[in-house]
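One structure is given below, encoded as structure tokens.
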Amino acid sequence: MSISNQLKQRNGEMCELCNTQNANNAYTVSPKSDEQIENQVALCDTCFKAIDDTDASFHWRCLEGSIWNPEPSVQALSYRIMQHFKNEEWVSSVLNNVDLDENVVEWAMSAFQVADVHKDAFGNILENGDNVVLTQALNVKGTSFTASKGVVVKRIKLVHDNPEHIEGKINDQVIVILCKFVKKL
């Protein structure tokens, strides 16, 4: 991504990670959007190319300095890259000595989080709005009815904090259903 003059000027036109070469690239630290300079880091061509290089450990020694940068985006990217080399002594030492804001650490670690995946009884991935069929009769707690095997539940909703649960409407009542008791249609 091309770099804005404002981002370039933030570190005197130098790379915000290695601080040795001119910054030519704007790197947005995911999952933030690239519309705001606060979510970007100015990188030189060398650092930009090394971002995904897991063999570039020696190059990333520069992060010993950039992790202390006052910009949260620079801190988050430095911390994130260091996680790839956390078993190396120099990285472990830096991470033990730096005290980053909890939000910066969460931002950095968001790249390693795996989204909860809801799967039916047969391993099919479920998504919001899918239609499913019950694979067995279910006693619905808090009601006086049993949901029969073979009942179709339309337009399910995923329970985001629990990949084993979905919500669906049966007999005009929204109920929570275990994913292991449904089959995606």
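Rule-based calculations on the coordinates, nothing more; no lab input. Computed from a predicted model, the values in this text were never measured in an experiment. Please note: Cβ atoms are built from the backbone with ideal geometry, for glycine as well, and neighbour counts cover all protein chains shown.
Worth a mention:
- Three principal axis extents of the chain based on alpha-carbon atoms, in descending order, are 70, 37, 27 Å.
- Sum of -39500 (n - 2.57) over DSSP H runs of 4+, divided by residues of the chain (222 nm, nearest 500): -6500 deg cm²/dmol
- Each of Asn5, Val41, His118 was placed along the dipole of the chain (beta-carbon charges, centred on the mean Cα), and the one lying farthest toward the positive end is His118.
- For segment 149-161, the Karplus equation 6.51 cos²θ - 1.76 cosθ + 1.60, evaluated at θ = phi - 60°, returns couplings of 4, x, 5, 8, 10, 9, 6, 5, 10, 7, 8, 5, 8 Hz by residue, with Gly and Pro reported as x.
- Among the listed pairs Lys32/Lys184; Lys32/Lys180; Lys149/Lys184; Lys154/Lys180; Lys32/Lys154; Lys119/Lys154, a Cα-Cα separation exceeding 24 Å is found for Lys32/Lys184; Lys32/Lys180; Lys32/Lys154.
- ³J(HN,Hα), Karplus 6.51/-1.76/1.60, whole Hz, each residue of segment 166-183, x for Gly, Pro: 10, 10, x, 9, 10, 6, 6, 10, 7, 10, 9, 10, 6, 4, 5, 10, 10, 10
- Backbone amide hydrogens, once placed in the peptide plane, bring Asn25 within less than 5 Å of Leu43, excluding anything fewer than 5 places away on its chain.
- For segment 63-73, putting each phi into the Karplus relation 6.51 cos²θ - 1.76 cosθ + 1.60 with θ = phi - 60° gives couplings of 5, 4, x, 5, 4, 8, 4, x, 7, x, 5 Hz, in residue order, rounded to whole numbers and with x for Gly and Pro.
- For Asp130, nonlocal amide neighbours, meaning residues 5 or more places apart or on other chains whose placed amide H falls under 5 Å from its own, are Ile156.
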